[in-house]
1. Near A35, within a Cβ-to-Cβ distance under 13 Å, what is the net charge of the other residues, with Lys and Arg +1 and Asp and Glu -1?
2. Given the protein chains as shown and a 1.4 Å probe, how many square angstrom of E71 are accessible, to the nearest 10?
3. Which whole-number percentage describes the relative contact order of the stretch 260-346, with Cα contacts under 8 Å and a sequence gap of 6 or more?
4. Calculated FRET efficiency, R229 and A266, Cβ-Cβ r, R0 41 Å, to nearest 0.05?
5. Consider just the alpha-carbon atoms of the stretch 1-121 and return their Rg together with their Dmax, both in angstrom.
6. If you rank R52, R180, R175 by how much accessible surface each has, with a 1.4 Å probe, what is the order from largest down?
7. Rounded to the nearest 0.05, what FRET efficiency do V336 and A294 give with R0 = 25 Å and r taken as the Cβ-Cβ distance? Could you check?
8. Got the relative contact order for the stretch 212-291 handy, in percent, Cα pairs under 8 Å and 6 or more residues apart?
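The values are calculated or read from the model by the stated rules, or taken from the named source; none is laboratory data. All values reported here derive from a predicted model rather than from experimental measurement. Positions of Cβ are backbone-derived with ideal geometry, glycine not excepted, and every protein chain shown enters the neighbour counts. Note: accessible area is taken over every heavy atom of the protein model, side chains too, but ligands, DNA and RNA are not part of it. Shrake-Rupley method; radii C 1.70, N 1.55, O 1.52, S 1.80 Å.
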Amino acid sequence: MALALAWAEKSLWLSNPNPRVGCVITTPDGDLLGAGHTQAVGEAHAEVMALRDAHAKGLSVQGATAYVTLEPCAHHGRTPPCVDAIKTAGIARVVVAATDPNPAVNGQGIARLREAGVQVETGLMADAARGLNIGFFSRIIRKRPWVRMKMAASADGITALPNGESQWISSPEARQDGHRFRAQACVVLTGAGTVLADDPQLDARGLPLSRQPHVVVIDSRLQTPVTARLLRGQREKWLYHSGVATEQARASLETAGATLITLANAHNKVDLTAMLTDLAQREVNEVHLEAGAALNGSFLREQLVDEVLLYLAPTLLGQGLGLSNLGPLSALSQGVAMRWLPPSMVGPDIRLRGIVDNRDLF
């Protein structure tokens with residue numbers, strides 16, 4: 001199963017919005033026959049890829065065991081049911097890490113295999129399989145994506161000098177690592193302030209990718225310039241606004257390739273909770289939030305952040321802009337409590353990942 005999970009990781013930058021799944025097929029004695037992982041959306045799933053691998057090697061899978069990181073699908077979606085491929089191939093035993101929360105599957109794949117006489121075992125390394133698909137589980141169970149807030153700062157928490165200079169506090173290695181997290185997300189999200197100040201591309205660069213994450217801008221007044229670099233390319237560009245912009249501004253941005261979505265709250269700002277619900281309906285699993293202190297603070301105040309990804313550079317800057325404008329708080333208990341994952345060194349910087357309390361739902 002550990003090998004199947006390693007194969008599932010090969011889908012990390014590829015399979016969105018489908019889950020990352022790996023499959024390993026062995027003889028009853030444990031000899032490897034085939035392995036595979038889920039391909040791009042609309043293409044073969046992990047089980048089919050593993051069966052193809054064994055077939056290409058001229059190996060029979062009759063009576064074999066398949067280790068799958070997520071329950072095989074039992075419905076005809078963009079591809080035929082994987083349970084049918086497993087049964088037809090003559091697999092005798094299937095070991096499943098995690099059951100699929102999708103109502104179209106959710107135990108039905110396991111039930112159909114057992115009805116066909118296939119021995120099925122579940123639960124082996126389930127936490128690792130769910131962790132690899134935290135966004136998929138979030139979208140299906142909570143009806144909203146997993147939100148990962150990425151920040152880079154000095155060791156004393158400064159993200160920019162008082163004059164606004166911020167490029168670059170983190171190292172090239174940390175920035176490249178950040179692109180890897182962008183690549184696994186369905187969307188990269190920022191605010192209009194960041195677009196106006198930095199004109200970012202918000203794509204994932206320097207990686208062997210066949211797909212780019214879509215881009216989302218929280219832009220209440222539609223201030224994004226039609227020349228903004230993030231509007232280039234073939235990916236989706238979703239601009240959420242409050243409906244107060246002129247028709248001319250709307251028409252110009254739509255001509256530039258943006259999809260405009262009106263979701264206003266009582267303060268004529270974008271309703272962030274409704275925005276996440278809308279993104280889930282657009283099959284967004286993971287949101288990679290890269291924004292300024294104001295938008296970061298809004299997401300934190302509304303308890304919409306699930307994970308913090310923080311790069312700390314080995315430098316002290318003293319004064320400047322902070323990570324977010326959360327607060328002011330009157331008690332320590334009002335802070336956002338997190339559980340740290342094991343830290344990592346990325347070049348000269350430290351990478352910290354924190355899971356917000358009460359987010360271990362899956």
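1. Details: positive: K10, R52, K57; negative: E9, D31, E47, D53.
Net local charge, A35 excluded: -1.
2. About 10 Å², ignoring ligands and nucleic acids.
3. Details: 35 pairs, mean separation 23.1, N = 87.
In percent, rounded to a whole number, it is 27.
4. Details: r = 33 Å, r/R0 = 0.80.
Computed FRET efficiency for R229 and A266: 0.80.
5. Just the Cα atoms of the stretch 1-121 yield Rg and Dmax of 12.7, 36 Å.
6. Values: R52 135, R180 110, R175 65 Å².
Accessible-area ranking of R52, R180, R175, largest first: R52, R180, R175.
7. On the way: r = 16 Å, r/R0 = 0.64.
E between V336 and A294, to the nearest 0.05, is 0.95.
8. Values: 104 pairs, mean separation 22.1, N = 80.
Relative contact order here is 28 percent.
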